[in-house]
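*Asks:* What follows is a single structure, and I will ask about it in a moment.
Just so it is clear, none of the values below were taken in a lab; they were calculated from the coordinates. Here the structure is a predicted model, which means the values were calculated and not measured. Methodologically, a virtual Cβ is constructed for each residue, glycine included, from the backbone with ideal geometry; neighbour enumeration extends over all protein chains shown.
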Amino acid sequence: MIFLIVSFTVLHVFFYLGLAFGWRRMPKVYKNESLIPFSVIIPVRNEENTIYQILRHLEKQDYPKELFEVIVVDDFSDDTTVDQVIQSKDALSITIHLIQLEDENKQGKKHALTAGVNAAEHETILTTDADCLFGDHWIRSFNDAFDETTNMVAGPVAIQGKGLFARLQQVEFAGLMGFGAVTIAKENPSMCSGANLGFRKRAFEEVGGYTNNLFTPSGDDEFLLYNIMHRFPHSTRFLKSEGGIVNTPAHLKLSSFINQRVRWTSKWKYNKNRKVRASAILFFFDYLFFLVGIIGAIMGFFNPFLVGCIALVRFIAMWVFVAPINRFLRGKGSFFPLLIFQIIYPLHVLFMGMNSIFGSYTWKGRKYK
């Protein structure tokens, strides 16, 4: 058993150091003088507390207002979201269109996004969520990333919040963002976030949008990423630009955090990328064996000094990778949260992995299995 623990630790270290090297090599986005028009799509469901704020942030963009439209697609909200969007159309100086889904057999984020894409006037699409915020250069940053050969741009997302729980989410998501960025750069996509995504309308239509993955409510981002990269090689990039960062709030309650993570991890078994699926399985066993090593050292089965050295080496490799990405995302110091993360993450991975197979989750007031 100790041989397996050491073997997986070696893989763990090389994996994270490889990601760290890949992140350092990734070029930043530089200013593009030409400007293209955008359609910004925001799917909403019961977002009365945040919808006006994100529309105000779009109004403040340092991008010509005649070169972008905002399409808000309502997914059967039963609060005042729709009323606020209607009022914003008159109050704000940007072009806002409201679309409301009408067929209850076609509900959920993927149907909302599809309706938005179909209604989009412009060829280049940006998607985000109603609870997100961004700086004044957000659209401009995407403009700099798109050229005539680009079909998709995945943008960076940062977790914002106060307190230890928020900081733990922050460093975890920084690692996920870095992992997604490096794998996109290597043409072996693993993940991206629909909270900050850009793509060409024609590419979306040519791969069939979400038609081959409507059986799962999640995955609007990752499955589209894989399909576009598979159909149009060398046309996808990660937006390594601080101006393109989108901020999303940390979960305040453990229950909502678990719901989100179970929803995310439930996608892996449907991923067509065999390397991603194999990585997910190896990732699970890596932390399983590490946990066995910790328990074995406590019970006297393994040398505590050896297991302690293994834990230290694993922590250093992860810190080398996550720390610069966390700084890029304007996060606070990552050392202490990552130290705690090293202790609890094995349990986190195992719990989420099992729940992704056997559990259920609630999303936007709807329950899924």
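*Asks:* Name the residue from ALA280, PHE134, GLY116 whose Cα lies farthest towards the positive end of the charge dipole of the chain, charges +1 on Cβ of Lys and Arg and -1 on Cβ of Asp and Glu.
*Replies:* ALA280
*Asks:* Find me the longest stretch of the chain that has none of the exposed chymotrypsin sites (Phe, Trp or Tyr not before Pro), where exposed means in a DSSP loop (not H, G, I, E or B) with at most 15 other Cβ atoms within 10 Å.
*Replies:* 31-214
*Asks:* Compute the acute angle (0 to 90°) between the alpha-carbon long axis of helix 222-231 and the principal axis of greatest extent of the alpha-carbon atoms of the chain; round to the nearest 10°.
*Replies:* Computed tilt is about 80 degrees.
*Asks:* Please go through the residue pairs LYS106/LYS201; LYS89/LYS162; LYS201/LYS240; LYS240/LYS332; LYS28/LYS332 and name each one whose alpha carbons sit more than 25 Å apart in this structure.
*Replies:* Where the Cα-Cα span goes over 25 Å, the pairs concerned are LYS89/LYS162.
*Asks:* Let me ask something else. Would you mind checking which residues have amide H under 5 Å from PHE38's amide H? H placed 1.01 Å from N; only 5 or more apart, or other chain.
*Replies:* PHE68, GLU69
*Asks:* Next question, about the same structure. Subtracting the Cα-Cα distance from 0.36 nm times the residue separation, let me have the gained length for GLN53 to LEU67 in nm, one decimal.
*Replies:* Answer, rounded to one decimal: 3.0 nm.
*Asks:* Can you grab the distance from the C-alpha centre of the stretch 284-303 to the C-alpha centre of the stretch 58-76, Å, no decimals?
*Replies:* Rounded to whole Å, the Cα centres lie 51 Å apart.
*Asks:* For semi-axes √(5λ) of the Cα gyration tensor in Å, several values are listed as (i) 37, 22, 19; (ii) 33, 23, 20; (iii) 35, 29, 17; flag the one computed from this structure.
*Replies:* The value computed from this structure is option (i).
*Asks:* Compute the distance from the alpha-carbon center of the stretch 1-56 to that of the stretch 109-140, in whole Å.
*Replies:* So the two Cα centres are separated by 17 Å.
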